[in-house]
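One structure below.
The values are calculated or read from the model by the stated rules, or taken from the named source; none is laboratory data. From a predicted model like this one, the values you see are computed outputs, not experimental measurements. Cβ atoms come from the backbone with ideal geometry, glycine included; neighbour counts cover every protein chain shown.
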Amino acid sequence: MEISTPGRVCLFGEHQDYLGLPVIAMAISLRSVISGIFRNDTSIIIRMPDINETEKFDLDKLNYHTSRDYFKSGIKVCKDFGFKFSRGFECEIRSEIPIKAGTSSSSSIMVGWINFLSQNADNPKILDTKSIAELAYKAEVIEFDSPGGMMDQYSTSVGNLIYLESEPEIKVKRINRELGAFVLGDSLEQKDTIGILSRCRDSRLSIMSEMKKFDPDVNFQTISFDQLDQFELDDEKRHLMIGTIKNRDLLLQAKVELKKPNLDQNVFGRLLHDHHKVLSECLKVSTPKIEYMLKSAMEAGAFGGKINGSGGGGCMFAYCPEDPERVKLAIENAGGSARIVYAAAGTRVVSKG
């Protein structure tokens, strides 16, 4: 069997979903592919030629040895769900998605792995994309107490353009809007995903906890700029909360814009730019190289763009439904590796073998 799963970009709500705030994300036309066959024993062998690595373990020995032991955790959550496995697999994974660059390369593989496992268990079942995403989230985040949200798993599983709420309950809505071309630019700078996520998440959760001591009803979903005045926050904490509110409200503006009969590409691009500005100036997750790549993309005709993922390196993207080749060249001339991408379908079976 062969399973294909996309990567993703976050259009709005970057660094917000783990606070219980909504996101608007888009699966992109760069994909990972898992192909595999049954074995006659209980061994799991996973070859990853893109990074020249092979992982081997036994179905009956699923103790984690690293904080990212995802192939084992995928099997564990599938077993917890009720799937049974008596035979191992021999698999190969290939991917077009930039690795450790903010485009959900690991979540794409995890979603594909869950899809593969669910259909090749002793008691196989075709899961809907939301169920696959839920299991992938448990395997990648809950199992390892990771600081990430659930955008990556739901976006790559469901596909195309989605609006995702995680509180008070998970709601996923498809957005039927053709946006056209984007250019994804990889800065080729390594980033500390877990460290940045922890810093950006923990600092704001701590501030909210501090504010709740004075007002138990305050929350990220409804707090306003005016409300901040009642709390004794130092300049840094106030700045972080202002940025959080701005990004929340920018997403709501983008949601309205995306629902209009005719999308104003200039307005949509400006909203992306404004979102990036908060991420750069408030959360400080951008880099000089990514700023230069974005500036170059805008000068080449992009309507807007932003850093993508946790930041501190990795990727940015530019919205350029007109002349994306010119924007791609500009990003490459700025020192990045660039690909033209479009919205793409979620995880799917390519071949049953």
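Scanning segment 13-28 for residues that are of a type in the set (A, V, I, L, M) and in a loop (DSSP other than H, G, I, E, B) yields a single hit, Leu21.
Let's see how each residue does on (1) outside any helix (DSSP H, G or I); (2) of a type in the set (D, E, K, R):
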| residue | (1), (2) |
| --- | --- |
| Leu233 | yes, no |
| Lys237 | no, yes |
| Gly243 | no, no |
| Gln253 | no, no |
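Can you find even one residue in segment 127-136 that is among the β-branched types (Val, Ile, Thr), crowded, with 24+ Cβ neighbours inside 10 Å and either in the same structural domain as Asp41 (by TED's automatic domain parsing) or over 19 Å from the mean Cα position of the chain (by Cα) (or both)? Yes; the residues of segment 127-136 include at least one that is among the β-branched types (Val, Ile, Thr), crowded, with 24+ Cβ neighbours inside 10 Å and either in the same structural domain as Asp41 (by TED's automatic domain parsing) or over 19 Å from the mean Cα position of the chain (by Cα) (or both). Summed over segment 281-290, the residues that are in contact with a helix residue (DSSP H, G or I) (Cβ under 7 Å, 6 or more places away or on another chain) and farther than 18 Å from Asp235 by Cβ give a count of 2. Reported count of residues in segment 205-220, each being surrounded by fewer than 13 Cβ atoms within 10 Å (Cβ to Cβ) and in contact with a helix residue (DSSP H, G or I) (Cβ under 8 Å, 6 or more places away or on another chain), is 2.
In segment 22-60, the residue that is surrounded by the most Cβ atoms within 10 Å (Cβ to Cβ) out of those that are among the small types (Gly, Ala, Ser) and under 30 Å from Thr244 (Cβ atoms) is Ala27. The criterion of being assigned to a strand (DSSP E or B), closer than 13 Å to Leu188 by Cβ and touching a helix residue (DSSP H, G or I) at 6+ places or on another chain (Cβ under 8 Å) holds for Ala338. Scan segment 157-164 and tell me whether some residue there is out of contact with any helix residue (DSSP H, G or I) (no Cβ under 9 Å at 6 or more places or on another chain), assigned to a loop (DSSP other than H, G, I, E, B) and surrounded by fewer than 19 Cβ atoms within 10 Å (Cβ to Cβ). The answer is no, given that none of the residues of segment 157-164 is out of contact with any helix residue (DSSP H, G or I) (no Cβ under 9 Å at 6 or more places or on another chain), assigned to a loop (DSSP other than H, G, I, E, B) and surrounded by fewer than 19 Cβ atoms within 10 Å (Cβ to Cβ). For segment 2-21, give me each residue that is surrounded by fewer than 21 Cβ atoms within 10 Å (Cβ to Cβ) and at positive phi. Of everything in segment 2-21, just one residue is surrounded by fewer than 21 Cβ atoms within 10 Å (Cβ to Cβ) and at positive phi, namely Gly20. Among the residues of segment 276-287, are any farther than 30 Å from Arg199 by Cα and touching a residue at least 60 places away in the same chain (Cβ under 8 Å)? No: zero hits. Residues that are assigned to a strand (DSSP E or B) and small (Gly, Ala, Ser) within segment 288-311 comprise Gly304, Gly305, listed in sequence order.
Would you pick out the residues in segment 5-61 that are out of contact with any Ser or Thr (no Cβ under 7 Å at 6 or more places or on another chain), among the hydroxyl-bearing types (Ser, Thr, Tyr) and within 28 Å of Asp122 (Cβ to Cβ)? Once the filter is applied, which keeps residues that are out of contact with any Ser or Thr (no Cβ under 7 Å at 6 or more places or on another chain), among the hydroxyl-bearing types (Ser, Thr, Tyr) and within 28 Å of Asp122 (Cβ to Cβ), segment 5-61 yields Ser35, Thr42, Ser43, Thr54. In the set (1) touching a Phe, Trp or Tyr at 6+ places or on another chain (Cβ under 8 Å); (2) modelled with pLDDT of 95 or more, the condition left unmet by Phe231 is number (2).
Just so you know, in segment 278-287 the residues that are surrounded by 16 or more Cβ atoms within 10 Å (Cβ to Cβ) and in a helix (DSSP H, G or I) include one that is nearest to the chain's Cα centre (by Cα), and it is Leu279.
For every residue, the table says whether it meets (1) of a type in the set (A, V, I, L, M, F, W, C); (2) modelled with pLDDT under 95.
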{"position": "Pro6", "(1), (2)": "no, no"}
{"position": "Ala27", "(1), (2)": "yes, no"}
{"position": "Val33", "(1), (2)": "yes, no"}
{"position": "Asn52", "(1), (2)": "no, no"}
{"position": "Gly74", "(1), (2)": "no, no"}
{"position": "Lys79", "(1), (2)": "no, no"}
{"position": "Cys91", "(1), (2)": "yes, no"}
{"position": "Ser95", "(1), (2)": "no, no"}
{"position": "Ser104", "(1), (2)": "no, yes"}
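A quick yes/no check of all residues on (1) out of contact with any helix residue (DSSP H, G or I) (no Cβ under 9 Å at 6 or more places or on another chain); (2) part of a helix (DSSP H, G or I); (3) in contact (Cβ under 8 Å) with a residue 40 or more places away in the chain; (4) not small (Gly, Ala, Ser):
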{"site": "Leu11", "(1), (2), (3), (4)": "no, no, yes, yes"}
{"site": "Leu30", "(1), (2), (3), (4)": "no, no, yes, yes"}
{"site": "Asp41", "(1), (2), (3), (4)": "yes, no, yes, yes"}
{"site": "Ile44", "(1), (2), (3), (4)": "no, no, yes, yes"}
{"site": "His65", "(1), (2), (3), (4)": "no, no, no, yes"}
{"site": "Glu90", "(1), (2), (3), (4)": "yes, no, yes, yes"}
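For Asp202, all conditions in the list (1) touching a residue at least 12 places away in the same chain (Cβ under 8 Å); (2) surrounded by 13 or more Cβ atoms within 10 Å (Cβ to Cβ); (3) in a helix (DSSP H, G or I) hold save one; what is the number of the exception? Asp202 satisfies all of (1) touching a residue at least 12 places away in the same chain (Cβ under 8 Å); (2) surrounded by 13 or more Cβ atoms within 10 Å (Cβ to Cβ); (3) in a helix (DSSP H, G or I) except (2). Counting the residues of segment 1-41 that are under 20 Å from Ile99 (Cβ atoms) and of a type in the set (A, V, I, L, M, F, W, C) gives 10.
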